[in-house]
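The values are calculated or read from the model by the stated rules, or taken from the named source; none is laboratory data. Because the structure is predicted, anything quoted here is derived from the model rather than measured. Ideal geometry is used to build each Cβ from the backbone, glycine not excepted, and the neighbour counts take in all protein chains shown. Just the protein is used for accessible areas: all its heavy atoms, side chains included, with ligands, DNA and RNA removed. Shrake-Rupley method; radii C 1.70, N 1.55, O 1.52, S 1.80 Å.
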Amino acid sequence: MMSKLTAPVVTGLTLTAALMTAVSSHAEIAIDAQLDYEISAYFNDRATSFLNSSIVDQRINNSVSLELELFTAWDNDDQTITFKPFFRQDEMDDERTHGDIRELMWNKLSDDYELKLGVGKVFWGVTESAHLVDIINQTDSVESIDGEQKLGQPMVQVLLEREWGNLDLFVLPYFRERTFAGSQARLSAGLDYAAADYESSSAEQNIDFAMRFNSYIDDFEYALSAFHGTSREAVVGFDYKAVDGVLVADQFRSYYPIISQIGVEVQYLNEGWAWKFEGIVRDGVPVSYYVNSTELLTWILQSEVIEELTGEKMPVPETMEISKGENYFATAAGFEYTQVGIWETRIDLGWVVEHIYDSRQEKASPGAFEHDVLLATRWAANDDADSTLLAGVVYDYEYEDYSVSIEGNTRLFDGLSLAVEARVFAPANDSPQIAFRDEDFVKLTLSYYL
Amino acid sequence: MKKILTSALLVAMAVSSWAQTPEEKGLEIAIEGDKRSEGYGDSKVKLKMVLIDKKGRQSSRDMRVKGLEGKGGEGDKSLMIFDTPKDQKGVAMLTFTHKVKSDDQWLFLPALKRVKKISSRNKSGPFVGSEFAFEDISSQEVEKYTYKYLRDETVNGMDCFVVENIPTDKYSGYTKQVVWIDKAEYRAVKIEYYDRKKSLLKTLVSQDYKQYLGKYWRPSLMVMTNHQTGKSTRLVYEDYAFNVGLKEKAFTKNSLKRAR
């Protein structure tokens, strides 16, 4: 656990020390920090659970995190370095206790271009329910299940800002594996992840490329993007073990294929309406990462007999196979309608309706929305504490299951904010979301800004 | 060319002032006020916003505003960067003011690294919890109102024109504004805002005007009082600087991401 934390920290501090020394003639370094304390309470209302009892007994979880930001600028502010290390200590989940360099970026601005070199974060997209187009950064999914927390991505980025629009070019020389909760913790389905498998022979050192063009005409904004490299989203399968002659899932296997993706983003603002569309076409994604059941079956039938005869354990066969890559498309489309100052108050009320579709349908990866509708309301109090509330339901009309979420935010005083998040999962029995059935939770986060 | 036309128009209006309608005189005052603030190029200022509720409780926000004067037929551009409250640090807002069509406005959310376009429909909404609406803080272009000169009046010993401004944008939260403009320097020293029901909503008083570069007058303090809620907001301006050499590239959608 310590080594997991120390490695990125030591690397980061060494690099920063070197960089800061290099610019020591302009040694003015601005430092900010955010310290979070988070407490989560889990509920399940069923007598039996999919989860093992040690997980179910974890009713309350405490966690703290610290994010620092060091910043320096020189060359008339045309060159900057930003360093953002992040650490979390989690009471229950060793996988969630982790450190990351969210950002360590040298930024150079010139008349014709902007260059970024280092580790950073890039967001693409317009919709709220799903971030289909967004592909530069890996999701730090132990941080939050909404997919909006990201791991720092090593990159070289060149940005060209012209009359006709903005063109971003990326070279991404290193891949970050997605983080997942540990098997003894909440939101893990009780299984660990085996080491990742890659399509690329250079594994996480595969060099990925991406580009995005974006522009606008009045209230119409659009972007086109392309990516070629290792998918940020893994195709997930299971390793099995035999227990009393029965196959049971032992651990998750994740396979990161090489994909090509084209993305489109469109947003049109018209009076109180914001119309949004995101779509991707992806090529090279295997439909499944499956088990060769014949070999496994043979192993189950024979291993005990062989062990009895020879006294030696027969190794579990390598059984994962990958189906042929194919292409699919996914879209998220809808609108947000905002009423300014409802009921003659200062409150703004927004209505969000989005539809998400994945052409793979039931073969889509477990995290994907195959055929879902998001209905949400967004409240902005416009008070001096900047209080906001977002409440929504995601309904899958094929599986007829849904999940409800509420996220609220307010400031207690300058320097201390409070966030509330609650989620209720109501998956159908045949739904891929069934693993979340007993994971309903309420989470309070206090954020202290130094 | 445009300047020549404007001057010709002013001369024509001055010559014919004996036959001037209140609308013509109102417009003439607005054009003269606008002309006097022309040529500042670019500007930088620090701003402290103090929100005061009915019971006198205060909370404050610090921000910096960079401005770039529009060239030709374009409106001004502005970039506002928030320093406090601390949880809002790094939030930035870019506005392209347009003379006739709706302004373009983008908000940068640093935690998500997301740039969001804001609907111009929101212009009547409160600006960051204050008594100022988005439309109150945006650049005041002549074309955004129709004008009517009402009378002369003295405010704090200053001889003023009193002009009625009617917003041309149907999304404005106001039916009219009554503006007191001092005759000596064409500064708006007081504005009354009337809501959609035509009742008095707010009063803005601008004071401690200082002159910069020997030409441009800017208030050091603006106080907006909401008569219907009893709340008020003070804007305290510090360290104004003009012609500091800001470039177009500091006012682009992309520049929001590196604004600090």
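Along its first, second and third principal axes, ordered by size, region B:106-260 spans 50, 41, 30 Å in Cα coordinates. The longest stretch of chain A left intact once loop-based GluC sites (Glu not before Pro) with at most 16 other Cβ atoms within 10 Å are removed from consideration, loops following DSSP, is A:164-270. Residues of region B:233-260 whose accessible area (probe 1.4 Å, heavy atoms of protein chains only) drops by at least 50 Å² once all protein chains are present, relative to their chain alone: B:Lys249, B:Lys253, B:Asn254, B:Arg258, B:Arg260.
Using a 1.4 Å probe on protein heavy atoms, which residues of region A:419-450 have at least 30 Å² less accessible area in the complex than alone? Listed by number, the residues meeting the 30 Å² cut-off are A:Tyr449. For region B:2-258, the share of accessible area belonging to carbon and sulfur comes to 54 percent (1.4 Å probe, ligands and nucleic acids excluded). Between B:Gln228, B:Tyr209, B:Leu246, the Cα set farthest toward the positive side of the dipole of region B:206-260 (charges on each charged residue's Cβ, about the Cα centre) is that of B:Leu246.
Summing charges over neighbours of A:Ala41, with a neighbour being any other residue whose Cβ is under 9 Å away from its Cβ, gives +2 when K and R count +1 and D and E count -1. Translational diffusion of chain A, estimated by Stokes-Einstein from the Kirkwood radius over alpha carbon pairs at 20 °C in a medium of 1.002 mPa s, is 88 µm² per second.
Electrostatic bookkeeping for B:Lys113 treats Lys and Arg as +1 and Asp and Glu as -1; over the other residues with beta carbon under 9 Å from its beta carbon, the sum is +4. Angle between the Cα long axis of helix A:293-310 and the longest principal axis of chain A, 0 to 90 degrees, nearest 10? Here the helix axis deviates by roughly 50 degrees. Max-minus-min Cα coordinates of region A:79-193 on each principal axis give 53, 29, 21 Å, with the largest extent listed first. Loop sites by DSSP among the trypsin sites (Lys or Arg not before Pro) of chain A, restricted to those with at most 14 other Cβ atoms within 10 angstrom, leave A:60-312 as the longest stretch without any of them.
Distant-in-sequence amide contacts of B:Gly75, defined by a placed amide H-H separation under 5 Å and a gap of 5 or more residues or a different chain, comprise B:Lys99.
Taking the inverse of the mean reciprocal distance over all distinct Cα pairs, the Kirkwood hydrodynamic radius of region A:41-138 comes to 17.4 Å.
Between 0 and 90 degrees, the angle of helix B:2-15 with respect to the longest Cα principal axis of chain B falls at about 40 degrees.
Near A:Arg346: Cβ cut-off under 11 Å, other residues only, Lys/Arg at +1 and Asp/Glu at -1. The net charge is -4. Take the accessible area of A alone and of B alone, subtract that of the pair with a 1.4 Å probe, and the total buried over both chains is about 3700 Å². Sites listed here are trypsin sites (Lys or Arg not before Pro) in region B:35-72 whose DSSP assignment is loop and whose Cβ has at most 14 other Cβ atoms within 10 Å: B:Lys54, B:Lys55, B:Arg57, B:Lys71. When only the Cβ of Lys, Arg, Asp and Glu is charged (+1, +1, -1, -1), the dipole of the protein assembly as shown relative to its Cα centre reaches about 3560 debye. Computed over chain B, the range of Cα coordinates on each principal axis works out to 60, 47, 36 Å, biggest value leading. Taking all Cα pairs closer than 8 Å and separated by 6 or more residues, the relative contact order of chain A comes to 12 percent.
Number of Lys-Lys pairs in chain A with C-alpha atoms under 25 Å apart and a separation of 8 or more places or on different chains: 19.
Entry note, region A:166-282: relative contact order of 25 percent, from Cα contacts under 8 Å with a spacing of 6+ residues. Taking every C-alpha pair closer than 8 Å and separated by at least 6 residues, the mean separation divided by the residue count of chain B gives a relative contact order of 20 percent. Rg over Rh for region B:36-88 works out to 1.15, both radii taken from alpha-carbon positions and Rh defined as the Kirkwood radius. Taking A:Gly311, A:Gly99, A:Gly118 in turn, the Gaussian network model of chain A (Cα-Cα springs below 10 Å) assigns the largest fluctuation to A:Gly311. Does any residue of region B:125-155 lose at least 40 Å² of accessible area with all protein chains in place compared with its chain alone, and if so which ones (probe 1.4 Å)? Residues meeting the cut-off: B:Pro126, B:Gly129.
Charges were assigned to the Cβ only: +1 to each Lys and Arg, -1 to each Asp and Glu. The resulting dipole of region B:2-258 about its Cα centre is roughly 1300 debye.
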